[in-house]
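Report on the structure given below.
The values are calculated or read from the model by the stated rules, or taken from the named source; none is laboratory data. All of these numbers come straight from a predicted model, not from anything done at the bench. We place every Cβ from the backbone using ideal geometry, glycine too, and count neighbours over all the protein chains shown. Calculation scope for accessible area: heavy atoms of the full protein, side chains included, ligands and nucleic acids excluded. Shrake-Rupley method; radii C 1.70, N 1.55, O 1.52, S 1.80 Å.
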Amino acid sequence: FLPNGTVLYSLTHQPPEHMTRVLARYSASNPIRSRDLQSQAADVIKGTYSLKRNTVFVKIRSHYNTVHFQLELAHGHRGHFSRLEVLHHFSRGLRATPESRATH
């Protein structure tokens, strides 16, 4: 999550500590020189998020679908608003018709 309302998303098998490096380099807009990191950065998709009270709404559009998340900032053992919980998640194909949307 970046301060300007942009979110970076990647569905990958890589461990979180590896993707943290990739996302940090990607978000800093630095040129990524390592071939491994370049291929990982190619799988990163930019989306948007907005915050209303303690609810975060996320929308990510890829080349084949749009993914939506509704998340809640919750209290955790590390303090207030230190945990992010998934309340709702769905995706919709880009070729979805109004009729097929009504069934979801």
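General remarks:
- Scan of segment 42-77 for residues that are surrounded by 13 or more Cβ atoms within 10 Å (Cβ to Cβ) and on the phi > 0 side of the Ramachandran plot, ordered by number: none
- Across segment 15-33, the qualifying residues are those that are open to solvent by 50 Å² or more (accessible area, probe 1.4 Å) and assigned to a loop (DSSP other than H, G, I, E, B), and the one among them that is modelled with the lowest pLDDT is PRO31.
- For SER82: the one exception among (1) under 17 Å from ASN4 (Cα atoms); (2) without any contact (Cβ under 8 Å) to a residue 12 or more places away in the chain: (1)
- Residue list for segment 70-104, filter: of a type in the set (Phe, Trp, Tyr) and at pLDDT 90 or above: PHE90
- Of all residues in segment 78-91 being charged (D, E, K, R) and open to solvent by 90 Å² or more (accessible area, probe 1.4 Å), the one that is farthest from SER10 (Cα to Cα): ARG78
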